[in-house]
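This report refers to the structure that appears directly beneath it.
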Amino acid sequence: MSNFHVVDHPLITHKLSIMRNKKTGSKDFRELLNEIAMLMGYELTRDLPLEDVVIETPLTKMTAKMVSGKKLAIVPILRAGLGMVDGLQSLVPVAKVGHIGLYRDPETHKPVEYYCKLPVDIEERIVILVDPMLATGGSASDALTMLKNKGCKHIRFMCLVASPEGVKKVQEDHPDVDIYTAALDECLNEHAYIVPGLGDAGDRIFGTL
């Protein structure tokens, strides 16, 4: 579908391959995740509107193009989504950051909400919802519903690795939301982990293996 985008730039693919390696430690994992988030951010922000602004170069006045001030918000799904915020903020330092707390019930594999704190003008912003893994799609779909209930109309979802099952669920529940991922993997296993995947992203980011 047209709202699904695999951002498979060679640098992103290379960095992701290092992250997948079980020998890669938390420090390198975190740094690579931020780097990939920044690189993917270029693609997500490709269509930001520009406006004409008169500036003066050392030689003359000119009409230049600058981002028109369309406000952005970055919303990580806790906790693993935190690992993608710095990379995006390095591109857009003025973006506000909200937080959505969801965890996956180990028995049902369904998401459970425990926290939501968003900028007061979230409904006026282009929202980038981030989570490294799109596995069952439950957490992403619930987070998107929460954002829409807060009045958000322009939302993009960014992840590192997606499963076909997760993509299908988000597309069915939220056909108006564009999905960006660095890789579409094979499937989910019986524990709802992405295969080949990269393990539990939160554990690898924070060293809680």
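The values are calculated or read from the model by the stated rules, or taken from the named source; none is laboratory data. Here the structure is a predicted model, which means the values were calculated and not measured. Ideal geometry is used to build each Cβ from the backbone, glycine not excepted, and the neighbour counts take in all protein chains shown. Accessible surface areas use protein heavy atoms only, side chains included; no ligands, DNA or RNA. Shrake-Rupley method; radii C 1.70, N 1.55, O 1.52, S 1.80 Å.
Tabulated values for the structure
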{"quantity": "Whichever residue in region 53-64 is open to solvent by 100 Å² or more (accessible area, probe 1.4 Å) and either assigned to a strand (DSSP E or B) or touching a helix residue (DSSP H, G or I) at 6+ places or on another chain (Cβ under 8 Å) (or both) and, among such residues, is farthest from Arg156 (Cα to Cα)", "calculated": "Lys61"}
{"quantity": "Which numbered condition Met133 fails, given (1) surrounded by 16 or more Cβ atoms within 10 Å (Cβ to Cβ); (2) under 18 Å from Glu43 (Cβ atoms); (3) at pLDDT 90 or above", "calculated": "(2)"}
{"quantity": "Test: residue in region 92-107 that is part of a helix (DSSP H, G or I), open to solvent by less than 60 Å² (accessible area, probe 1.4 Å) and under 28 Å from Asp203 (Cα atoms)", "calculated": "no"}
{"quantity": "Restricting region 136-163 to residues that are of a type in the set (Val, Ile, Thr) and either part of a strand (DSSP E or B) or on the phi > 0 side of the Ramachandran plot (or both), the residue that is surrounded by the most Cβ atoms within 10 Å (Cβ to Cβ)", "calculated": "Val161"}
{"quantity": "Every residue from region 164-209 that is open to solvent by less than 30 Å² (accessible area, probe 1.4 Å), hydrophobic (A, V, I, L, M, F, W, C) and assigned to a strand (DSSP E or B)", "calculated": "Ile179, Ala182, Ala183, Ile194"}
{"quantity": "Residue list for region 70-88, filter: open to solvent by 50 Å² or more (accessible area, probe 1.4 Å) and of a type outside the set (Asp, Glu)", "calculated": "Lys70, Lys71, Arg79, Leu82"}
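Condition check ((1) closer than 25 Å to Arg204 by Cβ; (2) open to solvent by less than 50 Å² (accessible area, probe 1.4 Å); (3) not in a loop (DSSP other than H, G, I, E, B)) across all residues:
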residue	(1), (2), (3)
Thr13	yes, no, yes
Lys23	yes, no, no
Asn34	yes, yes, yes
Met40	yes, yes, yes
Met66	no, no, yes
Ser90	yes, no, yes
